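The values are calculated or read from the model by the stated rules, or taken from the named source; none is laboratory data. The structure presented is a predicted model; accordingly, all values stated were derived computationally and were not measured. FYI the Cβ positions are ideal-geometry reconstructions off the backbone, even for glycines, and counts take in every protein chain you see. Only protein heavy atoms, including side chains, enter the accessible area calculation; ligands, DNA and RNA are left aside. Shrake-Rupley method; radii C 1.70, N 1.55, O 1.52, S 1.80 Å.
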Amino acid sequence: MCRYRDANAALPQASSHRVVFMGDSITEAWGTGDPKLFTDDVIDRGVSGQTTPQMVLRFQADVVDLKPAVVHILAGTNDIAGNTGPTSLGAIENNIKTMVELARANHIRVILASLTPVARYPWRPSVTPIESIKALNDWIEAYADKEGLVYVNYFTPLDDGHRGFKAKLAIDGVHPNPAGYAVMSELAKTAISQAHSQTP
(Lines give C-alpha, C1' and ligand atoms only; values in the text may rest on other atoms or scores of the structure.)
Protein backbone atom coordinates (compact mmCIF):
# COMPACT_ATOMS: atom_id res chain seq x y z
CA MET A 1 0.00 0.00 0.00
CA CYS A 2 2.82 2.42 0.80
CA ARG A 3 5.28 1.37 -1.89
CA TYR A 4 4.82 4.60 -3.87
CA ARG A 5 3.71 6.94 -1.07
CA ASP A 6 6.84 9.12 -1.16
CA ALA A 7 7.08 9.05 -4.96
CA ASN A 8 3.43 10.07 -5.25
CA ALA A 9 3.92 12.94 -2.82
CA ALA A 10 6.90 14.17 -4.83
CA LEU A 11 5.09 14.26 -8.18
CA PRO A 12 4.46 17.66 -9.76
CA GLN A 13 0.93 18.72 -10.61
CA ALA A 14 -0.55 16.42 -13.25
CA SER A 15 -0.33 17.45 -16.87
CA SER A 16 -3.42 17.17 -19.05
CA HIS A 17 -1.91 14.05 -20.62
CA ARG A 18 -0.69 12.13 -17.55
CA VAL A 19 -0.85 8.33 -17.87
CA VAL A 20 -0.51 5.86 -14.98
CA PHE A 21 0.36 2.20 -15.55
CA MET A 22 -1.23 0.00 -12.86
CA GLY A 23 -0.09 -3.59 -12.59
CA ASP A 24 2.22 -6.23 -11.15
CA SER A 25 5.86 -7.18 -11.81
CA ILE A 26 5.41 -7.00 -15.59
CA THR A 27 4.43 -3.35 -15.18
CA GLU A 28 6.98 -2.62 -12.45
CA ALA A 29 9.90 -3.96 -14.51
CA TRP A 30 8.69 -2.12 -17.62
CA GLY A 31 10.22 1.05 -16.18
CA THR A 32 13.71 -0.47 -16.44
CA GLY A 33 12.95 -2.66 -19.47
CA ASP A 34 11.99 0.36 -21.57
CA PRO A 35 12.53 3.56 -19.58
CA LYS A 36 11.85 5.74 -22.64
CA LEU A 37 8.16 4.92 -22.34
CA PHE A 38 7.98 6.41 -18.84
CA THR A 39 8.77 10.00 -19.72
CA ASP A 40 6.57 13.03 -20.39
CA ASP A 41 4.29 12.31 -17.40
CA VAL A 42 3.84 8.59 -18.04
CA ILE A 43 4.10 7.00 -14.57
CA ASP A 44 4.82 3.39 -13.59
CA ARG A 45 2.90 2.10 -10.58
CA GLY A 46 3.47 -1.65 -10.85
CA VAL A 47 4.12 -3.76 -7.74
CA SER A 48 5.74 -7.16 -8.16
CA GLY A 49 3.64 -10.15 -7.16
CA GLN A 50 0.37 -8.28 -6.77
CA THR A 51 -3.05 -9.69 -7.52
CA THR A 52 -6.16 -7.76 -8.55
CA PRO A 53 -7.64 -7.39 -5.03
CA GLN A 54 -4.37 -5.82 -3.88
CA MET A 55 -4.48 -3.41 -6.83
CA VAL A 56 -8.04 -2.43 -5.98
CA LEU A 57 -6.89 -1.47 -2.48
CA ARG A 58 -4.21 0.91 -3.75
CA PHE A 59 -6.06 2.20 -6.82
CA GLN A 60 -7.18 5.38 -5.06
CA ALA A 61 -3.67 6.31 -3.87
CA ASP A 62 -1.68 5.15 -6.89
CA VAL A 63 -4.07 6.12 -9.69
CA VAL A 64 -7.04 8.34 -8.78
CA ASP A 65 -5.14 10.71 -6.48
CA LEU A 66 -2.50 11.26 -9.20
CA LYS A 67 -5.20 12.76 -11.44
CA PRO A 68 -4.18 11.08 -14.71
CA ALA A 69 -6.02 11.48 -17.98
CA VAL A 70 -5.50 7.77 -18.72
CA VAL A 71 -4.88 4.59 -16.72
CA HIS A 72 -3.39 1.43 -18.27
CA ILE A 73 -4.45 -1.69 -16.35
CA LEU A 74 -2.53 -4.94 -16.84
CA ALA A 75 -3.65 -7.36 -14.14
CA GLY A 76 -4.66 -10.92 -13.37
CA THR A 77 -1.76 -13.26 -14.06
CA ASN A 78 -0.75 -13.45 -10.39
CA ASP A 79 -4.35 -14.28 -9.46
CA ILE A 80 -4.19 -17.23 -11.86
CA ALA A 81 -0.85 -18.22 -10.31
CA GLY A 82 -2.56 -18.21 -6.90
CA ASN A 83 -0.25 -15.64 -5.31
CA THR A 84 -2.85 -14.65 -2.71
CA GLY A 85 -4.58 -18.01 -2.56
CA PRO A 86 -7.26 -19.72 -4.62
CA THR A 87 -9.59 -17.49 -6.61
CA SER A 88 -11.97 -17.66 -9.56
CA LEU A 89 -12.18 -15.99 -12.93
CA GLY A 90 -15.35 -14.27 -11.75
CA ALA A 91 -13.54 -12.73 -8.80
CA ILE A 92 -10.71 -11.49 -11.04
CA GLU A 93 -13.25 -10.02 -13.46
CA ASN A 94 -15.06 -8.23 -10.63
CA ASN A 95 -11.82 -6.68 -9.40
CA ILE A 96 -10.99 -5.44 -12.90
CA LYS A 97 -14.52 -4.02 -13.18
CA THR A 98 -14.04 -2.25 -9.83
CA MET A 99 -10.84 -0.56 -11.05
CA VAL A 100 -12.54 0.47 -14.29
CA GLU A 101 -15.53 1.89 -12.43
CA LEU A 102 -13.28 3.82 -10.01
CA ALA A 103 -11.40 5.29 -12.96
CA ARG A 104 -14.51 6.27 -14.88
CA ALA A 105 -16.13 7.80 -11.80
CA ASN A 106 -13.11 10.11 -11.70
CA HIS A 107 -13.15 10.91 -15.43
CA ILE A 108 -10.05 8.80 -16.17
CA ARG A 109 -9.95 7.08 -19.56
CA VAL A 110 -9.14 3.36 -19.36
CA ILE A 111 -6.84 1.08 -21.33
CA LEU A 112 -7.43 -2.59 -20.52
CA ALA A 113 -4.57 -4.91 -21.45
CA SER A 114 -4.64 -8.60 -22.21
CA LEU A 115 -2.52 -10.85 -20.06
CA THR A 116 0.77 -11.88 -21.61
CA PRO A 117 1.35 -15.57 -22.42
CA VAL A 118 2.44 -18.02 -19.73
CA ALA A 119 2.77 -21.79 -20.16
CA ARG A 120 4.18 -22.31 -16.66
CA TYR A 121 4.87 -20.16 -13.60
CA PRO A 122 8.40 -20.98 -12.31
CA TRP A 123 7.33 -20.21 -8.72
CA ARG A 124 4.07 -22.22 -8.98
CA PRO A 125 4.79 -25.18 -11.31
CA SER A 126 1.63 -27.05 -10.27
CA VAL A 127 -0.59 -24.39 -11.90
CA THR A 128 -1.61 -24.92 -15.53
CA PRO A 129 -2.48 -21.39 -16.65
CA ILE A 130 -3.01 -21.60 -20.41
CA GLU A 131 -6.79 -22.08 -20.46
CA SER A 132 -7.42 -19.63 -17.60
CA ILE A 133 -5.37 -16.94 -19.35
CA LYS A 134 -7.31 -17.49 -22.58
CA ALA A 135 -10.64 -17.30 -20.75
CA LEU A 136 -9.67 -14.12 -18.90
CA ASN A 137 -8.28 -12.49 -22.04
CA ASP A 138 -11.48 -13.31 -23.94
CA TRP A 139 -13.50 -11.70 -21.15
CA ILE A 140 -11.24 -8.61 -20.98
CA GLU A 141 -11.55 -8.05 -24.73
CA ALA A 142 -15.35 -8.47 -24.68
CA TYR A 143 -15.75 -6.27 -21.60
CA ALA A 144 -13.58 -3.52 -23.11
CA ASP A 145 -15.62 -3.64 -26.31
CA LYS A 146 -18.93 -3.56 -24.41
CA GLU A 147 -17.83 -0.63 -22.24
CA GLY A 148 -16.10 1.36 -24.98
CA LEU A 149 -12.66 1.03 -23.40
CA VAL A 150 -9.37 0.86 -25.28
CA TYR A 151 -8.17 -2.75 -25.44
CA VAL A 152 -4.54 -3.63 -26.08
CA ASN A 153 -3.60 -7.16 -27.10
CA TYR A 154 -0.13 -8.07 -25.87
CA PHE A 155 -0.80 -11.79 -26.00
CA THR A 156 -0.75 -12.39 -29.75
CA PRO A 157 2.62 -10.78 -30.64
CA LEU A 158 4.31 -12.48 -27.66
CA ASP A 159 2.76 -15.92 -28.21
CA ASP A 160 5.20 -18.67 -29.23
CA GLY A 161 2.46 -20.46 -31.15
CA HIS A 162 1.69 -22.79 -28.24
CA ARG A 163 0.29 -20.06 -25.94
CA GLY A 164 3.59 -19.70 -24.13
CA PHE A 165 5.87 -16.65 -24.14
CA LYS A 166 8.32 -16.42 -27.06
CA ALA A 167 11.69 -17.41 -25.56
CA LYS A 168 13.58 -14.64 -27.36
CA LEU A 169 11.28 -12.02 -25.79
CA ALA A 170 11.18 -13.29 -22.19
CA ILE A 171 13.45 -13.78 -19.21
CA ASP A 172 11.72 -16.76 -17.63
CA GLY A 173 8.61 -17.56 -19.64
CA VAL A 174 6.60 -14.97 -17.69
CA HIS A 175 8.47 -11.66 -17.63
CA PRO A 176 9.49 -9.80 -20.80
CA ASN A 177 13.10 -8.93 -21.55
CA PRO A 178 13.97 -5.56 -23.14
CA ALA A 179 13.06 -6.92 -26.59
CA GLY A 180 9.70 -8.05 -25.25
CA TYR A 181 9.08 -4.67 -23.65
CA ALA A 182 9.96 -2.97 -26.96
CA VAL A 183 7.13 -4.91 -28.61
CA MET A 184 4.73 -4.02 -25.80
CA SER A 185 5.71 -0.36 -25.74
CA GLU A 186 4.81 0.18 -29.38
CA LEU A 187 1.36 -1.26 -28.74
CA ALA A 188 1.01 0.76 -25.53
CA LYS A 189 1.83 4.02 -27.33
CA THR A 190 -0.91 3.36 -29.89
CA ALA A 191 -3.37 2.54 -27.10
CA ILE A 192 -2.44 5.72 -25.21
CA SER A 193 -3.07 7.81 -28.33
CA GLN A 194 -6.46 6.12 -28.77
CA ALA A 195 -7.38 6.73 -25.14
CA HIS A 196 -6.41 10.41 -25.27
CA SER A 197 -8.76 10.89 -28.21
CA GLN A 198 -11.74 9.56 -26.23
CA THR A 199 -14.14 11.65 -24.21
CA PRO A 200 -13.55 10.92 -20.51
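Numbers for the structure displayed
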read-out	value
Solvent-accessible area of residue 1 with every protein chain in place, 1.4 Å probe, in Å² to the nearest 10	130
Percent accessible area from carbon and sulfur atoms, the range 1-78, protein chains only, probe 1.4 Å	56
Length-normalised contact order of the range 1-110 in % [C-alpha pairs under 8 Å, at least 6 apart]	30
Solvent-accessible area per residue for the range 130-200 (1.4 angstrom probe, square angstrom)	50
Rounded if a/c under 1.5, otherwise prolate or oblate - the range 1-51, Cα gyration tensor axes	oblate
Ranked by how many other beta carbons lie within 10 Å on average, peptides 160-167, 59-66 from highest	59-66, 160-167
The range 21-101, accessible area per residue, ligands and nucleic acids excluded (1.4 Å, Å²)	34
Fraction of accessible area attributable to carbon and sulfur, the range 156-200 (%, probe 1.4 Å)	57
Value of [θ]222 nm, deg cm²/dmol, for the chain, DSSP H segments ≥ 4, -39500 (n - 2.57) each, nearest 500	-13500 deg cm²/dmol
Size of the chain as Cα extents on the principal axes (Å, biggest first)	45, 33, 32
Cross-link pairs beyond the 30 Å C-alpha cut-off, checked among 166/189; 97/168; 67/168; 146/168; 36/168	97/168; 67/168; 146/168
With eigenvalues of the C-alpha gyration tensor scaled by 5 and rooted, the range 1-106, Å	23, 15, 12
